[in-house]
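What follows is one structure encoded as structure tokens, with my remarks underneath.
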Amino acid sequence: MRLVNHEPNAIDLRTTPVHLGLGSRAKPVEGFAWEPEVLQAYSAAVASDGAEGRIVTIFDGDGPDDQWERHPAGDELIVCLSGSVTVTREVDGVPDRVVLGPGEATVNPAGTWHAVDMTEPASILTITAGLDTEHHPRTQTRPTEPATTPNPRTP
């Protein structure tokens with residue numbers, strides 16, 4: 001995994017996320033994968049950006065999310081590119097749901113537990129404050145214990 005300076009070619013955000021960092025820098029993340037050792041390397045490479053760093057990526061899917069997550073360092077923007085998705089957030093102990101269609105977006109406030117269900121084949125673009133992201137296995141109820149994965153994965 002390495003951050004690339006000045007990539008002249010097209011970037012596929014499905015396989016190569018872009019890190020937005022301090023100084024208004026945008027650097028593709030070559031060799032990125034949602035695996036613990038790669039996530040640790042990514043976190044180390046962008047640590048100096050602190051809470052201001054963001055990861056931009058596209059996810060394709062069909063079906064329910066298998067975990068809750070939250071991003072304590074900042075808000076997350078989720079944009080539906082195609083299909084339909086339901087974003088469920090835990091707000092003051094109550095589930096809050098918003099359905100997004102193509103071109104629609106929502107913001108998950110910093111620290112809010114959320115899950116994204118793709119109710120049909122769908123694509124989303126996310127801009128996430130990945131620092132200290134937490135994950136919790138999804139159940140019928142909201143998460144009630146600390147995170148299990150200290151790195152970004154999904155919205």
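The values are calculated or read from the model by the stated rules, or taken from the named source; none is laboratory data. In this text the structure is predicted, and so the values were computed from the model without any measurement. Here the Cβ positions follow ideal geometry from the backbone for every residue, glycine too, while neighbour counts run over all protein chains shown. Side chains included, ligands, DNA and RNA excluded: accessible areas come from the protein's heavy atoms. Shrake-Rupley method; radii C 1.70, N 1.55, O 1.52, S 1.80 Å.
If you check every pair at least six apart or on different chains, which have Cβ atoms under 7 Å apart with a residue in the stretch 4-23 that is acidic (Asp, Glu) first and a residue that is at pLDDT below 95 second?
none
What is the residue count in the stretch 124-141 for residues that are assigned to a strand (DSSP E or B), closer than 26 Å to ILE11 by Cβ and open to solvent by 10 Å² or more (accessible area, probe 1.4 Å)?
Summing the residues that are assigned to a strand (DSSP E or B), closer than 26 Å to ILE11 by Cβ and open to solvent by 10 Å² or more (accessible area, probe 1.4 Å) in the stretch 124-141 gives 2.
Residues that are open to solvent by 20 Å² or more (accessible area, probe 1.4 Å) and either at pLDDT below 95 or not acidic (Asp, Glu) (or both): list the strands (runs of 3 or more DSSP E) wholly contained in the stretch 1-91 that include at least 3 such residues.
On the way: elements: 18-21, 25-30, 54-63, 67-70, 76-82, 85-91.
Strands (runs of 3 or more DSSP E) meeting the threshold: 25-30, 54-63, 76-82, 85-91.
Can you give me the number of residues within the stretch 43-60 that are in contact with a strand residue (DSSP E or B) (Cβ under 6 Å, 6 or more places away or on another chain) and over 30 Å from THR119 (Cβ atoms)?
Total meeting the criteria: 4.
If you go through the stretch 92-105 one residue at a time, how many are in a strand (DSSP E or B) and either within 12 Å of GLY61 (Cβ to Cβ) or open to solvent by 20 Å² or more (accessible area, probe 1.4 Å) (or both)?
So the count comes out to 7.
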